[in-house]
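Throughout, read-outs are computed from the coordinates displayed, never taken from laboratory work. For clarity, every value in this text was computed on a predicted model and none was experimentally measured. Please note: Cβ atoms are built from the backbone with ideal geometry, for glycine as well, and neighbour counts cover all protein chains shown.
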Amino acid sequence: MVRESRSFTAGRMSSAGSVTLVRLGVLVSGTGTILEALLAEALPVVVVLSDRPCGGLQIAADAGLASELVDRQSFGGYGETFARDEFTGAVVEALKRYDVDLVVMAGFGTVLTQPAHDAYEGRILNTHPALLPAFPGWHAVEDALAAGATVTGCTVHLATVDMDAGPILAQEEVAVRSDDTAATLHERIKEVERRLYPATIRKVIAAGVGPGEDLR
Ligand code: GRF
């Protein structure tokens with residue numbers, strides 16, 4: 001699909017020789033420092049979407065970007081009452097409204113269900129603060145410390161319906177120090193993520209973004 005009316009310059013040459021432009025939707029739940037790094041790298045972000053009020057939305061506002069709050073509280077909150085499929089449907093609907101091509105999770109705290117992967121097959125990326133398949137889940141940094149790991153790191157991967165289990169695109173190690181707390185270790189991992197994630201996203205864009213493509 002060629003979109004010549006867009007103002008973004010990231011893209012690749014199609015076989016016809018015209019530029020295929022890519023529109024990124026970034027999903028956040030937290031402080032948004034990874035989002036900041038993506039913006040600093042001038043990636044073509046068209047919308048920032050959050051599942052809760054968070055610092056990432058303020059970063060979007062400060063950057064003059066469109067943002068969407070699809071609040072989990074409106075879908076049953078965080079317990080067993082959470083309507084995950086309905087929430088996922090609302091997220092996909094919002095991303096479609098912004099004509100998003102590539103979905104970039106940057107500290108997003110909700111696992112999306114199959115309809116998101118049907119809508120964006122092979123086009124949802126995530127960064128995780130451990131060397132997957134080691135230490136999947138929400139407490140990856142704490143788990144690495146508790147296991148006595150001397151090396152951990154971060155992983156950029158394609159998201160699938162199974163949490164932290166999709167094909168790995170890039171990884172980088174971070175040494176654990178004997179005096180590390182979860183906070184100090186996570187911050188050093190995030191320093192790497194802020195470099196590795198934008199670089200990997202650029203490679204994905206350069207390789208071409210399309211349903212079912214093998215981006216490894
Ligand atoms: C990152 O470590 C990411 O891997 C994890 O959440 C963190 C996001 O950090 N899923 P921030 O909110 O962008 O600072």
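Just the number, please: percent antiparallel of the DSSP beta bridges in the chain, rounded to the nearest 5.
45
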Q | Simple label model, 7 Å out from Cα along Cβ direction - Ile168 to Glu191, nm | A | 2.3
Q | Label zone at Gln114 (point 7 Å along Cα-to-Cβ), backbone N below 17 Å, the stretch 158-179 | A | 160-163
Q. Label 7 Å along Cα→Cβ of Ser74; the stretch 95-132 residues with amide nitrogen under 20 Å?
A. 95-100, 108-113, 115-116
Q: Using a Förster distance of 41 angstrom, determine the FRET efficiency expected from the C-beta separation of Ser178 and Asp85, and round it to 0.05.
A: 0.35
Q. Where does each of Tyr120, Tyr197 land when they are ranked from fewest to most other beta-carbon atoms within 10 angstrom?
A. Tyr120, Tyr197
Q | Added length on full extension, which subtracts the Cα-Cα distance from 0.36 nm per residue, Ala206 to Ala146 | A | 17.7 nm
Q. Over the Cα atoms of the chain, how large are the radius of gyration and the largest Cα-Cα distance (Dmax), in Å?
A. 17.1, 56
Q | Value at 222 nm in deg cm²/dmol, rounded to 500, when DSSP H runs of n ≥ 4 in the chain each add -39,500 (n - 2.57) | A | -10000 deg cm²/dmol
Q | Surrounding net charge for Thr152, when Lys and Arg each add one and Asp and Glu each subtract one, Cβ distance under 10 Å | A | -2
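Place a +1 charge on the Cβ of each Lys and Arg in the stretch 55-185 and a -1 charge on the Cβ of each Asp and Glu, then give the dipole magnitude about the Cα centre in debye, rounded to the nearest 20.
80
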Q) Per residue, how much space in cubic angstrom lies within the convex hull of the C-alpha atoms of the stretch 126-207? A) 74
Q.
Place a point 7 Å from Cα of Val161 in the direction of its Cβ. Which residues in the stretch 108-144 have their backbone N less than 17 Å from it?
A. 111-124
